[in-house]
2 protein chains.
Amino acid sequence: MELSEARGKLVAIGGGDISEGDAPLLKEFVKLARGARARVVVMTVATDDPQAAAAQYKDAFKRLGVDDVKAVDVSKRADALKPDSLEAIEHATGLFFTGGDQLHITSMIGGTEMQALMHRRYERGLVIGGTSAGAAMMSNSMIVGGDGDDNPKVGAVEIGPGMDLVIGALIDTHFSQRGRFGRLLTAVAHYPQDMGIGIDEETALIVNKNEFEVAGKGAVTVIDGGAMTYTSLPYAEAGDGLSLYGVSVHVLAAGSRFDLANRRPIEAEEKRKSAKSSEDGGKPDVKKPRSRRAGR
Amino acid sequence: MELSEARGKLVAIGGGDISEGDAPLLKEFVKLARGARARVVVMTVATDDPQAAAAQYKDAFKRLGVDDVKAVDVSKRADALKPDSLEAIEHATGLFFTGGDQLHITSMIGGTEMQALMHRRYERGLVIGGTSAGAAMMSNSMIVGGDGDDNPKVGAVEIGPGMDLVIGALIDTHFSQRGRFGRLLTAVAHYPQDMGIGIDEETALIVNKNEFEVAGKGAVTVIDGGAMTYTSLPYAEAGDGLSLYGVSVHVLAAGSRFDLANRRPIEAEEKRKSAKSSEDGGKPDVKKPRSRRAGR
């Protein structure tokens, strides 16, 4: 996998009610983007109702103490060249992509000056967040569509190019809630060079260079097809059920960390060690073993 | 894993509309149980409506050419000792368990002469089929209940003893259709010595000694926790999201075979070879490689 040297961070959220109440995942995004001094731009390009989405997220970010919140919409490709939109992105500390359709994001922004600017700013420290479509677009390979609650089938998932913020990956969202294990595994069968990363609702993966950490209520599921010993894909026709042997799966609950460069979770043992030996008194993020639960 | 020496066979079906039309999976069951000369007993112990279930399956088996079809119900434990019910099972070539609640099966039959008789007859060649609850009850560890469409959580799946026909396994049904990857993985996290076997609707696994083959529309997904490098279970509390690293997953479409004793799929390469070298002219069950599909 290509090593990322970007100084920016990503907050990829799997959808769900994330702007209500305490909005803990948006709070995490704001914290990374300089807290109360953040300059946040809400990117509504994915949604059909940009005004409602802008109002919803402006309200949430203001509740979290951010005064400087703007919204930028792109409803046709020409909008991606507007000077005041580019100016807002140039000065932002955090860019947040709402949900909707990820294909709108790549179709409207792909190859424009806005995309180039996003990448330049990300290299230099910009925090980019997004939920649902706003998270799905972050990987180099992007799931465009395909049914959940089905077994892996040849060609059952539409895949296209994403926005190249996470390289070597295929991000899916609403993962457990919409029964998308088969869908993401289908994508991995077609692109085994990329890792499938399934993010649950109200759950985030926070990318910092070549590592991510999980936050929120659910889990992040990583499907690694690299070790597959057999795939029936080359012998099968469109719509056929796929046989895939020896796929490696990691389930990561909140606090877990993953090494994207080496495609492996950072073991809890190591976490405990590094927490102990850390100089800044960081609290250990793994619970201590406890006595056997009754009634298991 | 314990080696099975039973001469009987199992047909475990993942639920769905299996008695309608051509009923291909019931046809497979009938074929194994001596075809038109089969003596089939429909076991309605799992269901709340034994008369309707008996009528539905009697009708289906008669359509498949079986004249000798009886129904046996067990609605209280005393029913499992009834001489005419035991007599029917004694003379059956095939026993078929309808859907319903798997806990009814184990609670009503567990430890009775009826269970002992089933096992004795299975050792000597009886074919035992079942769908949904009738399949879930076949493994030594049995999923009693738990939600689909959720990420793995400590204690979120209720597990109890099954009917010990497949040893070293935990069978789940309606697998892809009800988004049960997280549910079965939760079960495997609690019982990593057993393999999780998730059967899709209108899909069967056909067990013959220490091997099974997949038939039908969907897939069988095997979740092997044996190779897990880390589990957060000992450090977590009830309801906490689980972290599980390095779980091995195999997806098996129709025609795939799996070696239960060695916990590994039987590679298609070997299938092709054995098909070629077989003396009885068995047709190869793997498609030949073909030229690249357009528009992938």
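The values are calculated or read from the model by the stated rules, or taken from the named source; none is laboratory data. In this text, all values refer to a predicted model and were calculated from it rather than measured experimentally. Don't worry about glycine lacking a Cβ; one is built from the backbone with ideal geometry, like all the others, and counts go over all protein chains shown. Accessible surface areas use protein heavy atoms only, side chains included; no ligands, DNA or RNA. Shrake-Rupley method; radii C 1.70, N 1.55, O 1.52, S 1.80 Å.
If you take each beta carbon of peptide B:180-186 and count the beta carbons of other chains within 10 angstrom, what is the mean?
Details: counts 3, 12, 10, 1, 1, 5, 1.
Per-residue shielding by partner chains comes out at 5.
Ignoring ligands, DNA and RNA, what percent of the accessible area of the protein assembly as shown is carbon or sulfur (1.4 Å)?
47
Distances from A:Asp84 to the same position in the other copies: list them in nm, one decimal, shortest first, using label points 7 Å from Cα along Cα→Cβ.
Relative to the other copies, A:Asp84 has label-point distances of 8.7 nm.
Inside 10 Å of the C-beta atoms of A:250-259, what's the mean count of C-beta atoms belonging to other chains? Kindly include the intermediate steps, with their values, before the conclusion.
Details: counts 8, 15, 7, 11, 3, 3, 6, 0, 1, 0.
Rounded to a whole number, the mean comes out at 5.
At a Förster radius of 30 Å, what calculated FRET efficiency corresponds to the Cβ-Cβ distance of A:Arg34 and A:Lys82, to the nearest 0.05? If you can, show how the numbers build up before the last one.
Working: r = 25 Å, r/R0 = 0.83.
Result of the calculation: an efficiency of 0.75.
Structure shown: which of B:Lys9/B:Lys153; B:Lys62/B:Lys217; A:Lys27/B:Lys153; A:Lys82/A:Lys217; B:Lys31/B:Lys153; B:Lys58/B:Lys209 lie over 31 Å apart, alpha-carbon to alpha-carbon?
Violating the 31 Å limit, Cα to Cα: B:Lys9/B:Lys153; A:Lys82/A:Lys217; B:Lys31/B:Lys153.
In nm, what does the list of distances from A:Ala55 to its counterparts in the other copies look like, shortest first, when each label sits 7 Å along Cα to Cβ?
5.6
Give me the Kirkwood hydrodynamic radius of the stretch A:134-250 in Å, from all C-alpha pairs, to one decimal place?
It works out to 14.1 Å.
Could you pull the accessible area for B:His104 with a 1.4 Å probe, rounded to 10 Å²?
Result for B:His104: roughly 60 Å² accessible.
When the solvent-accessible surface of protein heavy atoms is calculated with a 1.4 angstrom probe, in what order do B:Met118, A:Met108 fall, highest first?
Working: B:Met118 0, A:Met108 45 Å².
From most exposed to least exposed: A:Met108, B:Met118.
What do you get when you divide the Cα radius of gyration of the stretch A:13-74 by 2.2 N^0.38 Å, with N the number of residues?
Working: Rg = 11.0 Å, N = 62, 2.2 N^0.38 = 10.6 Å.
Expressed relative to 2.2 N^0.38 Å, the Cα Rg reads 1.04.
How far apart are the B:Pro234 label points across copies, placing each 7 Å from Cα toward Cβ, in nm, shortest first?
4.3
Of the peptides A:120-126, A:150-156, how do they stack up when ordered by the mean number of other Cβ atoms within 10 Å, highest first? Walk me through the numbers on the way to the answer.
Numbers: A:120-126: 16.4, A:150-156: 23.6.
Top of the packing list down: A:150-156, A:120-126.
May I ask you to list the aspartates and glutamates whose Cα is less than 17 Å away from that of A:Lys76, ignoring any residue fewer than eight positions away on the same chain?
Qualifying aspartates and glutamates at Cα under 17 Å: A:Asp48, A:Asp49, A:Asp84, A:Asp101, A:Glu113.
Normalized C-alpha radius of gyration of the protein assembly as shown, against 2.2 N^0.38 Å?
Normalised Cα radius of gyration, the protein assembly as shown: 1.07.
For peptide B:216-222, what's the mean number of Cβ atoms from other chains within 10 Å of each residue's Cβ?
4
What is the projected area of the convex hull of the Cα atoms of the stretch A:3-129, averaged over all directions, in nm²?
Details: hull surface 29.2 nm².
Convex hull of Cα atoms, orientation-averaged projection: 7.3 nm².
List, largest first, the extents of the alpha carbons of chain A along their principal axes, each in whole Å.
Extents along the principal axes, in whole Å: 52, 52, 37.
For q = 0.11, 0.14, 0.21 Å⁻¹, what log10 I(q)/I(0) does the stretch A:102-200 give under the Debye formula with an equal point scatterer on each alpha carbon and no solvent?
The Cα Debye sum returns log10 ratios of -0.31, -0.50, -1.01.
Chain B: which residue's Cβ hugs the B-to-A rotation axis most tightly, distance rounded to whole Å?
Reported as residue, whole Å: B:Gly179, 1.
Using only Cα atoms, figure out Rg for the stretch B:145-205 and give it as a multiple of 2.2 N^0.38 Å.
1.05
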